[in-house]
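The values are calculated or read from the model by the stated rules, or taken from the named source; none is laboratory data. Because the structure is a prediction, the values reported are computed rather than measured. So basically every Cβ, Gly included, is an ideal-geometry build from the backbone, and we count neighbours across all protein chains shown. To get the accessible areas, we keep the full protein, side chains included, count just its heavy atoms, and leave off ligands, DNA and RNA. Shrake-Rupley method; radii C 1.70, N 1.55, O 1.52, S 1.80 Å.
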Amino acid sequence: MESEALKIIGDLGAVPVATIDQAEDSIPLAEALLKGGLPVIEVTFRTATAKEALRAIAAYVPQMLVGAGTVLSVEQAESALEAGAQFIVSPGFCPRVVQYCLNQGVAVIPGCSSPTDLTAAFNFGLQVVKYFPAELLGGTAALEAIGKPFGGMKFIPTGGIGFHNLQQYLRLDKVWACGGSWMVGAQLIRNRDFKAISRLAKVTLSEILGFRLDCELPVALLEEISTLFKLPLRESGAPYPAGSLLRRGESNKQLTVKTNNIIRAAAYFLREGIEVCAGVEATPVKPPAAIYLQEKAGGFDICVVEEQSSG
Ligand code: 3PG
């Protein structure tokens, strides 16, 4: 993937789509998402304050990847780039907007809802497009069918996605990330409930990564591992054999943590400064089979492997 912005979006797995009415909400909103572990935001160009909001985020929250959404014309794209947008999203496919962004060297994610749109995107050399409005178009079944002839094309389904169906989309190989307002709802922004936004971002991140153990651990050890991961870990299954847990410091003891996506997990560790053993890149061409954390927990080596959750 040539574009750094697209790589970041793929590594994160979600794009919060925010409609900001009051420009003064933009910085606390961006900071709330950052705090929740999602350093990306798409600011829709649907309000009078969108440009000002985007400019403020780009200037004052530089850790955020900020893009403009609902870009319908070249003029809007120009305006968004001038304010500091690092990627451009459109609900539909406009060849002029796409060409303009490509000329500017900026990532463009046009909405594609038909084979005709996808053929156009393919001929522009695009590798990632938006699929909008995802649920109304037929959800994952329609996305699978429509994407089939377009081999390597990746999608950012948006529209009607939330916690209830996030996993269904992320399970598909062709889904690059999911977009939507489920963690940045208009009412939450209007109420300036930035704590809730942070919490929802964190739950989203947690859902995407799906860190979990197939056993039950003593509470203290689970807390130690969760602290190491900077996210709560889920447990399921039988208690881990207690005897082996108590012999701290034995180097041959290993706990396996599962994740839904090892590349996203590697990128997360890198973002959060969680050290992993050498040889694991954040987004390798060939995903690693397993990632070992540098730090042990309770004397255990921690190994992370990919396995899609069934739930
Ligand atoms: C939009 O353009 O508003 C986005 O697609 C968000 O859709 P959602 O509110 O259904 O997530």
Using alpha carbons only, how many degrees (0 to 90, rounded to 10) separate the axis of helix 74-83 from the longest principal axis of the chain? 50
Separation of the GLU223 and GLU78 label points, Cα + 7 Å toward Cβ, nm: 5.9
Computed Rg/Rh for segment 4-209 (Cα atoms; Rh = Kirkwood radius) stands at 0.94
Please determine, in degrees from 0 to 90 and to the nearest 10, the orientation of helix 219-229 with respect to the longest principal axis defined by the Cα atoms of the chain, where the helix direction is its Cα long axis. 40
Could you work out how far helix 26-35 tilts from the main Cα principal axis of the chain, as a 0 to 90 degree angle to the nearest 10? 30
Relative packing of peptides 158-166, 264-272, 86-94 - highest average C-beta neighbours within 10 Å first: 86-94, 264-272, 158-166
Among DSSP bridges having both ends in the chain, what percentage is antiparallel? Round to the nearest 5. 15
Using 1/(1 + (r/R0)^6) with R0 = 22 angstrom and r between the beta carbons of GLN187 and HIS164, what's the FRET efficiency to the nearest 0.05? 0.75
Starting from 0.36 nm per residue, how many nanometres of slack lie between LEU102 and GLU144 once their C-alpha separation is accounted for? 12.4 nm
Within the chain, what whole-number % of the accessible surface is contributed by carbon and sulfur, with the 1.4 Å probe and all protein chains included in the calculation? 53
What's the local net charge at LYS130, with K and R +1, D and E -1, over the other residues with C-beta under 15 Å away? -1
Simple spin-label estimate for LEU270 and ARG199 in nanometres, 7 Å along Cα-Cβ: 3.2
Averaged per residue, what accessible surface does the chain expose to a 1.4 Å probe, in Å²? 45
